[in-house]
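The values are calculated or read from the model by the stated rules, or taken from the named source; none is laboratory data. As the structure is a computational prediction, the values presented were derived from the model and not from experiment. Please note: Cβ atoms are built from the backbone with ideal geometry, for glycine as well, and neighbour counts cover all protein chains shown.
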Amino acid sequence: MNLYAIRAIYRFEMARAWRTLTQSIISPVLSTSLYFVVFGAAIGSRIPEVEGVSYGSFIVPGLMMLALLTQSIANASFGIFFPRFTGAIYEVLSAPVSYLEIVVAYVGAAATKSLVLGVIILITASLFVPLRIEHPLWMVLFLLLTTVTFSLLGFIIGIWADNFEKLQLVPMLVVTPLTFLGGTFYSISMLPPFWQTVTLFNPVVYLVSGFRWSFFGIADVEPALSLGMTLLFLGVCVAIVAWIFRTGYRLKP
Amino acid sequence: MVPTMTTMLSVSNLSKVYEGGFQALRNVNLDIRRGEIFALLGPNGAGKTTLISIICGLVNASSGKVTVGGHDIVGDYRAARGLIGLVPQELTTEAFETPIKAVAFTRGLFGKPPNPAHIEKVLRSLSLWDKRNNRILTLSGGMKRRLLIAKALSHEPRILFLDEPTAGVDVELRRDMWALVRGLQKDGVTVILTTHYIEEAEEMADRIGVINKGEIVLVEDKAELMHKLGKKQLTVHLHAPIAQVPPALAAYALELAPDGATLTYTYDAERKHPGIAELLGGLNAAGIAFKDVNTTQSSLEDIFVSLVKK
């Protein structure tokens, strides 16, 4: 195991986060705070409680998920895309580093940044609305699984994309709609029956539902199913990354 | 070829066909000796960079085998790559980092524990120490080139690849690099450089390989090569122009300049009796007076051009 290499890449990526503090921390915290102000305080005060939880509190897990998903993808995809774009990736590819080590370093750094962000958002949220966490261990588990899974997804996007437009394509056109339609701002039981069924094909529903269950003990789908779907998604991402490295896709001609 | 103790790099039957069907390398065989400076010459698109990229792990080979220091580059890639330092052709650096961090980063990638003293030594030897805390994007092109070399030397490699190291580099820096390469050779580092500049190969290399259209067309000791392929030319400057070469001298295949004032005799430097005395005697006998003679030996450049044109 080339631990020095993992440390070098990890530190390099974390240093990049510090250099771009506005983009990586301040901006997502600000936008999440705006959601709290608009949906939680302004509109939320006119919305009745959802299953015994005030609307402002109800949306906290969903908003955290929204930030975690988008930031995990953004961090990880940019982290691997940029050296590919500049050509500096040659160094990593020519180093005595295994593919597993490369993934651990890049994805680990992206996931760390998202975790830090998640905690900051949680603290910020607690300033606006009352919060309780019924299953803290499960909450941490969902947090970890989600950041790692979506950092892997970001890594895949960063390898697949061959220009800046494609880098934005999946987050903009796929992830954002799925997140907004995944029960971030509502319980899917509020939807007409047909749309409730359609929603079950949206993987984000399971993430948000499981995460919300760890906070308030209320869920749209069984927590075990949420966990299972998250693990399945993680497995799919791991398989794709393994395939990328086995074939050298977009990395090694 | 059987790799011996003195073989640092061994390439056997290496071929590469890119996805589009372009064959970049055709059955390349090459052994590089430990501690030598080897220059790989070839025109653009000859396969120089592909060959280096396969050895360094940036490109997958289609077939064939490469060992570095006896380690297979696929099966034992950690040991093989750990010995290699690569200075790429393009100036590809992380713009926002500082040189000292960039060099330490590379050392880490190669699995070596931090060693600030070594990094200072490398940065000083490349005149980058004063700029160590500047952002890389503020460095000049020459400094960036030196930084790439510093990164390649950060983990104390035993074999260094320099892919077109002096392309677009000013004369002074080129001299510095040559001195650096010689210093590395003294420390036992094997150096492989690709270049367009024949004079660079002529100046630096112990051995020279010529690659053309994906094939190694020649590998030879530099001195041997220049000796073997070297043609000499004798130019005779005449007192008065002549209209044609006298038939008596036809055996020498002399070339008469268009103005009729000089005769050129091309002969093989290897020959014991190139017949110069006889030629000059023949000129006298034909009544052709001359005022000066001079000889020139063909350079590596001429040799190269003649090889690649074939």
Would you be able to tell me the number of residues in the range B:242-259 that are under 19 Å from B:A285 (Cβ atoms) and assigned to a loop (DSSP other than H, G, I, E, B)? 7
Count of the range A:9-49 residues which are free of Cβ contacts under 8 Å to residues at least 60 places away in the same chain, in a helix (DSSP H, G or I) and more than 22 Å from the chain's Cα centre (by Cα): 6
Might you let me know whether the range A:204-215 holds any residue that is out of contact with any Lys or Arg (no Cβ under 6 Å at 6 or more places or on another chain) and surrounded by fewer than 18 Cβ atoms within 10 Å (Cβ to Cβ)? no
Return yes when B:T98 is modelled with pLDDT under 95 and not basic (K, R) and no when it is not. yes
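Conditions (1) part of a loop (DSSP other than H, G, I, E, B); (2) away from every other protein chain (no Cβ under 14 Å); (3) touching a residue at least 40 places away in the same chain (Cβ under 8 Å), marked per residue:
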site	(1), (2), (3)
A:Y90	no, no, no
A:V97	yes, no, yes
A:G108	no, yes, yes
A:T112	no, yes, yes
When you scan the range B:112-120, do you find a residue that is among the small types (G, A, S) and touching a residue at least 40 places away in the same chain (Cβ under 8 Å), even just one? no
Residues being surrounded by fewer than 14 Cβ atoms within 10 Å (Cβ to Cβ) and of a type outside the set (S, T, N, Q): count how many of those fall in the range A:181-199. 6
Can you spot a residue in the range A:129-136 that is of a type in the set (A, V, I, L, M, F, W, C), surrounded by fewer than 18 Cβ atoms within 10 Å (Cβ to Cβ), touching a Phe, Trp or Tyr at 6+ places or on another chain (Cβ under 8 Å) and modelled with pLDDT under 95? yes
Quick check on my filter: what residues within the range A:50-82 are crowded, with 21+ Cβ neighbours inside 10 Å and within 14 Å of chain B (Cβ to nearest Cβ)? A:F78, A:G79, A:I80, A:F81
So B:S53 clears everything in (1) among the small types (G, A, S); (2) touching a Ser or Thr at 6+ places or on another chain (Cβ under 8 Å); (3) under 28 Å from B:Y197 (Cα atoms) except one condition, right? Which one? (2)
Please go through the range B:55-85 and pick out each residue that is more than 10 Å from chain A (Cβ to nearest Cβ), of a type in the set (A, V, I, L, M, F, W, C) and under 26 Å from B:P165 (Cα atoms). B:A61, B:V66, B:V68, B:I73
Scanning the range A:197-253 for residues that are charged (D, E, K, R) and within 30 Å of A:V50 (Cα to Cα) gives A:R212, A:D220, A:E222
Specify which of the listed residues (A:I25, A:I9) is over 30 Å from B:R145 (Cα atoms) and either surrounded by fewer than 19 Cβ atoms within 10 Å (Cβ to Cβ) or within 14 Å of chain B (Cβ to nearest Cβ) (or both). A:I25
Would you check which residues across the range B:169-192 are within 16 Å of B:L148 (Cα to Cα) and out of contact with any helix residue (DSSP H, G or I) (no Cβ under 7 Å at 6 or more places or on another chain) and list them? B:R174, B:D176, B:M177, B:L184, B:I192
Looking at (1) within 12 Å of another protein chain (Cβ to nearest Cβ); (2) farther than 26 Å from A:T20 by Cα, which one does B:F96 not meet, given that it meets all the others? (2)
Name the residues in the range B:215-243 that are touching a residue at least 24 places away in the same chain (Cβ under 8 Å), in contact with a strand residue (DSSP E or B) (Cβ under 7 Å, 6 or more places away or on another chain) and within 24 Å of B:R34 (Cα to Cα), would you? B:E215, B:I216, B:V217, B:L218, B:V219, B:K222, B:L225
Regarding the range B:150-170, can at least one residue be identified that is closer than 22 Å to A:F85 by Cα, in contact (Cβ under 8 Å) with a residue 40 or more places away in the chain and of a type in the set (F, W, Y)? no
Could you identify the single residue in A:L181, A:L225, A:L207 that is modelled with pLDDT under 90 and of a type outside the set (K, R)? A:L181
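Here's the yes/no breakdown for (1) of a type outside the set (S, T, N, Q); (2) more than 20 Å from the chain's Cα centre (by Cα); (3) at pLDDT 90 or above:
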{"position": "A:I73", "(1), (2), (3)": "yes, no, yes"}
{"position": "A:S77", "(1), (2), (3)": "no, no, yes"}
{"position": "A:I80", "(1), (2), (3)": "yes, no, yes"}
{"position": "A:F85", "(1), (2), (3)": "yes, yes, yes"}
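Return the residues of the range B:108-129 that are in contact with a Pro (Cβ under 7 Å, 6 or more places away or on another chain), within 14 Å of another protein chain (Cβ to nearest Cβ) and either buried (at least 23 other Cβ atoms within 10 Å of the Cβ) or in a helix (DSSP H, G or I) (or both); say none if nothing qualifies.
Across the range B:108-129, the qualifying residue is only B:F110.
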List the strands (runs of 3 or more DSSP E) that sit entirely inside the range B:14-106 and contain at least 1 residues that are in the same structural domain as B:E164 (by TED's automatic domain parsing), of a type in the set (D, E) and buried (at least 16 other Cβ atoms within 10 Å of the Cβ). B:23-33
